[in-house]
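Have a look at the structure below, then the notes.
The values are calculated or read from the model by the stated rules, or taken from the named source; none is laboratory data. A quick note: this is a predicted structure, and the numbers were derived from the prediction, not measured. Note that each Cβ is placed from the backbone with ideal geometry, even for glycine, and that neighbours are counted across all protein chains shown. Please note that ligands, DNA and RNA were not included when accessible areas were found on the heavy atoms of the full protein model with its side chains. Shrake-Rupley method; radii C 1.70, N 1.55, O 1.52, S 1.80 Å.
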Amino acid sequence: MLTRIVGGRLIDPTTGRDEIGDLWIEDGRIIAPPARAADREYDAHGAIVLAGAIDIHSHIAGANVNTARLLLPELHDGGMFGAVPPGEWIGRLFAAMGYTTVVEPAISPHVALQAQRELAAIPFIDKAILSVLGNDDFTLRLIRAGENSALADYAARTLGAAGGLGLKAINPGGAVAFRENARSFSLDDEVPGFGLSSRAIMRALQGAVAALGIAHPLHLHANNLGLPGNVETALATIAAAEGERLHLAHLQFYAYGAEGPRKFSSAAARLAEAVNAAPNISVDVGQVMFGQTVTISSDVLRQFGARSQASPRKFAITEAEGNGGGIVPYRYRRKNFFNAVQFAAGLELFLLIHDPWRIFFTTDHPNGAPFTAYPDLFALLMDRDLRARWIAELPEDAIAMTTIASITREYDWREIAIMTRAAPARLLGLRDRGHLAPGARADIAVYRPQADRAAMFRNAELVFKDGRLILRRGEVVERHFGRALRVAPGFNRAIEPRLAAYYEDVFGVPVHAFDVPEAAIIRANRPAFENVPCRT
């Protein structure tokens, strides 16, 4: 069927397009204007037409998410605005906002099968996972032995077997140190029993990603998350990358100084300056918004340390080979000094980092806030007067520890389109989306401008997935399932017998027991995975 979206303002930073015009769709793709009439037309006069949005970091599946659901059933009552909604509502709520691709950023290879099956059950959106390495014994043994080629082969084998789109490292070495009763672990601390530092693990995994030609750089959850003064860790980590590509996750949680009478302050301005000066670094923010949520992380060391702050007063800590995890519910309060500083620090990063191609829109769902808070955050970034009204409700002594009140920048539509569409597609190597050029996948969001920007972003006027209209103003038109995205880099098969021997010796099961078979997630006779090409 030939479809025409008529008369909208088409904003596509990838091609430099910003004009009033028509968009043509056929067979799930955007096409050049044809010489025939459309079978169906949609009126977009006065509306904004963007590619479907891409979220690079939201925890929507896997063992830790399921533990949170079990621990906190009160936070997913029917799914509407809970911190851990069920899969059906995850897909619907993301799509209603104009999102058509979402990445679950932290899946251990040993639980990839369950996670992929959960993701396959989420309608409306395409999904992907990042595979976690950096605390498992096999990785650390290879790094200790200096076997860089074998490490790359192991990473490639892991990505192919788990269906990963990229590699994630979480407080590298920290989980191992936690098993040996360490309660802190920094960039140059030594991993017990291995003689390695977190820095060395990070650099080795960066090298593996580069050797494999994976588009997405190593996705790093750094050391010392959430601690006063941890900006020093973030700055040291940027320097430790030595000019090589690195993505720093949820940077807001590392933007803290230790100034002032409470020894807690925003250091976001200093951190933003460092990011601006380092073109090899990309970041997502992990913005804090106010309200009830739950923190979900495989950084078991930090989650164990945060358990005393649980609200309500219950938590779950698991320790396992590789990472383990922690589930700690938390309520961010407007009148809480520390929470107000966190909120301001995230906004400072958004507004002080200059290049929208290197900063990504996240709340680290659900850690900083549920993804359902995105519409309010978009509005805050686009409207300094609204921002000022929010800031006026916060404790004065907290705002005094930040620079947020002095910042007048407002995001425009082009910057929103870069940060949530064009840049994520480039970062992840997704050449078929994030833009509106002929040949692109017809994932499209149409927004009808209104005074209440949050309401506009909460329910897009029209959302198309693969050229099919799936939602109109938040209401389902067609229940459509997306696909799973992965990379499948080649590797030397000599790593297979080594892995097989390791698994038999350590776990007593074959390594293939943890692989994700194609048949496990196949839907509608479509291939289970869509392979994203690596650089050659």
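Observations on the model:
- The set of residues in the stretch 273-332 being more than 30 Å from residue 381 (Cα to Cα) and touching a His at 6+ places or on another chain (Cβ under 6 Å) is empty.
- Meets criteria (open to solvent by 20 Å² or more (accessible area, probe 1.4 Å), farther than 30 Å from residue 506 by Cβ and not hydrophobic (A, V, I, L, M, F, W, C)) for residue 376: yes
- Filter result (within 26 Å of the chain's Cα centre (by Cα), open to solvent by 30 Å² or more (accessible area, probe 1.4 Å) and over 30 Å from residue 87 (Cβ atoms)) within the stretch 1-58: 14, 15, 16
- Residue match in the stretch 41-51 (condition: among the aromatic types (Phe, Trp, Tyr) and part of a strand (DSSP E or B)): yes
- Verdict on residue 32 being among the hydrophobic types (A, V, I, L, M, F, W, C) and more than 28 Å from residue 285 (Cα to Cα): yes
- Among the candidates 107, 125, residue that is touching a helix residue (DSSP H, G or I) at 6+ places or on another chain (Cβ under 6 Å), over 23 Å from residue 490 (Cβ atoms), among the β-branched types (Val, Ile, Thr) and open to solvent by less than 30 Å² (accessible area, probe 1.4 Å): 125
- Residue in the stretch 308-324 that is over 24 Å from residue 174 (Cβ atoms) and of a type in the set (Lys, Arg) present: yes
- Wholly within the stretch 136-216, helices (runs of 4 or more DSSP H) carrying at least 2 residues that are at pLDDT 95 or above and touching a His at 6+ places or on another chain (Cβ under 8 Å): none
- Positions within the stretch 179-217 being under 18 Å from residue 145 (Cα atoms), out of contact with any helix residue (DSSP H, G or I) (no Cβ under 9 Å at 6 or more places or on another chain) and small (Gly, Ala, Ser), in sequence order: 197
- Applying the criterion of being closer than 21 Å to residue 367 by Cβ and of a type in the set (Asp, Glu) to the residues of the stretch 90-135, the residue that is modelled with the lowest pLDDT is 118.
- Selection from the stretch 138-156 of residues that are under 15 Å from residue 499 (Cα atoms), out of contact with any helix residue (DSSP H, G or I) (no Cβ under 6 Å at 6 or more places or on another chain) and open to solvent by 20 Å² or more (accessible area, probe 1.4 Å): 141, 147, 149
- Of the numbered criteria (1) of a type in the set (S, T, N, Q); (2) open to solvent by less than 10 Å² (accessible area, probe 1.4 Å); (3) not in a loop (DSSP other than H, G, I, E, B), the one residue 114 fails is (2).
- Residues (over 26 Å from residue 264 (Cα atoms), out of contact with any strand residue (DSSP E or B) (no Cβ under 9 Å at 6 or more places or on another chain) and of a type in the set (S, T, N, Q)) located in the stretch 368-425: 372
- Listed conditions (1) open to solvent by 10 Å² or more (accessible area, probe 1.4 Å); (2) without any contact (Cβ under 8 Å) to a residue 40 or more places away in the chain are all met by residue 381, apart from (1).
- Summed over the stretch 391-427, residues that are under 21 Å from the mean Cα position of the chain (by Cα) and of a type in the set (Gly, Ala, Ser) total 4.
- Taken together, the residues in the stretch 489-507 that are open to solvent by less than 50 Å² (accessible area, probe 1.4 Å) and in a loop (DSSP other than H, G, I, E, B) amount to 2.
- Residues located in the stretch 157-184, provided they are open to solvent by less than 20 Å² (accessible area, probe 1.4 Å) and of a type in the set (Ser, Thr, Tyr): 158
- Unmet requirement for residue 61, which otherwise passes all of (1) under 17 Å from the mean Cα position of the chain (by Cα); (2) more than 16 Å from residue 127 (Cα to Cα); (3) assigned to a loop (DSSP other than H, G, I, E, B): (2)
- Residue 528 vs. criteria open to solvent by less than 60 Å² (accessible area, probe 1.4 Å), in contact (Cβ under 8 Å) with a residue 24 or more places away in the chain and in contact with a Pro (Cβ under 7 Å, 6 or more places away or on another chain): no
- Count of the stretch 279-335 residues, restricted to those that are buried (at least 17 other Cβ atoms within 10 Å of the Cβ), hydroxyl-bearing (Ser, Thr, Tyr) and closer than 19 Å to residue 65 by Cβ, is 5.
- Of the residues making up the stretch 191-223, just one is more than 18 Å from residue 131 (Cα to Cα) and either in contact (Cβ under 8 Å) with a residue 60 or more places away in the chain or β-branched (Val, Ile, Thr) (or both), namely 191.
- Residue in the stretch 89-98 that is surrounded by fewer than 19 Cβ atoms within 10 Å (Cβ to Cβ), in a loop (DSSP other than H, G, I, E, B) and small (Gly, Ala, Ser) present: no
- Restricted to strands (runs of 3 or more DSSP E) entirely inside the stretch 230-302, those with at least 2 residues that are among the small types (Gly, Ala, Ser) are 291-297.
- Each residue in the stretch 256-270 was checked for being surrounded by 17 or more Cβ atoms within 10 Å (Cβ to Cβ) and touching a Ser or Thr at 6+ places or on another chain (Cβ under 6 Å), and 3 of them qualify.
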